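To start, the structure under review is shown below, and the notes come after it.
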Amino acid sequence: MNAHSHTFQRAMRGSAAGGDFWAWRETMLAEADRQTPELVRVEYERTYREMLTAGYTAVGEFHYLGVAEAHAAAEAAAAAGISIVLLHVAYARGGLPRFRQSSVGEFVQQVDELRAAGIAVGVAPHSVRACPVDWLEEIGRYASSEGLPLHVHADEQPKEIEECLAEHGLRPIELLSKAGCLSPRTTVVHATHADGAELDLLAQSGAAICACPTTEADLGDGFLPTDRARRRAIPICIGSDSNVRIDPFEELRELEGIARRQTGRRGVFSTDELYAFGRDVGARALGLEEWPTIEVDIGHASLAGVDPVHVEAALIAGCSSEVVAATVAR
Ligand SMILES: [Zn+2]
């Protein structure tokens, strides 16, 4: 399960080097501005096919490019054969004009329109940067009454936390909690710089974290506090986010690698836990109850000499998505 993707950013891999996250963001905004429904329809289908080939059978498309582009993304997913949950983004301030709605009422109307078209949706207040408290409260209420997934970026960069503290006297996840946005249907994307109190709020509410390690590395975000999340039993799922890499094995390996570097221990997460992050937790985050299975090429060169009892662990420890042979519909 790919619980967090901005598929248009696939075009940016290898570019925008130098500077920091905020410099990268300027390049990203220019790329976003270039998007049209026609471009989304073509490019997303190609990238969704890549995801499916890599073993992602569903994608949570965190979408802020506009309603026509949302329909195009759903069409692209259908053509590629990947399940999509359109995480429609609420954007009140900042970013580009095309990201924004004039009111939270307009946002809810857009979500209702996408649902009426038969698209599986979730609601996604972009961040505490982009949404004021009254928007967060209304979106939290709507998600709760409609039983929809709620995804939100939080604590990716220190500057976002400083700004939130200056505006509200609270850290981002504290603000989300106060606004009624945390529940078992909530996924907080990144949580890279979450402190102990914020992680406690996630644990108490049953909310999940979506980690995107290859993107977080690419953008210089930092490291997820893996062991502190583990000790609180916070569910973790994965996302390809900026799509600099499309490889679920690599995301899981990075997650465990970060945990090992942070703790000086090996096997911080068990193989079973890591597969659950990639599968069950991601499905829950997207509100999916069933999904196809993945078939692996056991004869692949990267598995040569591996004892059959170690194959499952070796897939995460030492293989790329090239070992995925097929997706088998149930
Ligand atoms: Zn994101």
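The values are calculated or read from the model by the stated rules, or taken from the named source; none is laboratory data. All values reported here derive from a predicted model rather than from experimental measurement. As a convention, Cβ positions derive from the backbone with ideal geometry for all residues, glycine included, and neighbour counts pool all protein chains shown. Quick note on the areas: whole protein, heavy atoms, side chains included, nothing else; ligands and nucleic acids left out. Shrake-Rupley method; radii C 1.70, N 1.55, O 1.52, S 1.80 Å.
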#### Entry: 5 angstrom amide H check on A325, placed H, neighbours 5+ away
E295, V296, D297
#### Entry: Theoretical gain in end-to-end length, A166 to A203 [0.36 nm per residue, Cα-Cα removed]
10.8 nm
### Message
Using a Förster radius of 51 Å, what is the FRET efficiency between A23 and A116 based on their Cβ-Cβ separation? Nearest 0.05, please.
### Response
0.80
## Note on the structure
Against the 2.2 N^0.38 Å rule of thumb, the C-alpha Rg of the chain sits at a ratio of 0.94
### Message
Between E295 and A11, what is 0.36 nm times their sequence separation minus the Cα-Cα distance? Round to one decimal in nm.
### Response
99.4 nm
### Task
With the full set of protein chains in place, find how many percent of the accessible area of the chain is carbon and sulfur; take the probe as 1.4 Å.
50 percent
#### Entry: Long-range amide H partners of V121 with built H, under 5 Å
L86
### Query
Which FRET efficiency value, to the nearest 0.05, do you get for R232 and D307 by plugging their Cβ-Cβ distance into 1/(1 + (r/R0)^6) with R0 = 22 Å?
0.05
### Query
If you line up the Cα atoms of region 240-330 on their principal axes, what length do they span on each, largest first, in Å?
39, 32, 27
### Message
Before I look further, what does the chain give for accessible area per residue, probe 1.4 Å, in whole square angstrom?
### Response
40 Å²
### Size of electric dipole in the chain: Cβ of Lys, Arg +1 and of Asp, Glu -1, about Cα centre, debye, nearest 20
280 debye
### Message
If each residue of separation counts as 0.36 nm, what is the full-extension length gain between R49 and D272 once their alpha-carbon separation is subtracted?
### Response
77.6 nm
### Query
Can you work out the FRET efficiency for the pair K159 and Q109, with r the C-beta to C-beta distance and R0 = 30 Å, to the nearest 0.05?
0.40
### Task
Whole Å is fine, so just give me how far the alpha carbon centre of region 173-208 lies from that of region 237-308.
23 Å
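Which loop-located GluC sites (Glu not before Pro) does region 282-325 contain, where loop means any DSSP state but H, G, I, E or B and the Cβ has at most 13 other Cβ atoms within 10 Å?
Working: sites: E289, E290, E295, E312, E322; in loops: E289, E290.
Sites meeting the loop and neighbour criteria: E289, E290.
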### Query
Considering only DSSP states other than H, G, I, E and B, which trypsin sites (Lys or Arg not before Pro) in region 236-285 qualify as loop sites with at most 12 other Cβ atoms within 10 Å?
R265, R266
### Message
What are the ³J(HN,Hα) couplings of region 246-259, residue after residue, when phi is run through the Karplus curve with 6.51, -1.76, 1.60 and θ = phi - 60°? Round to Hz, x for glycine and proline.
### Response
10, 6, x, 5, 5, 4, 5, 5, 4, 4, 5, x, 4, 4
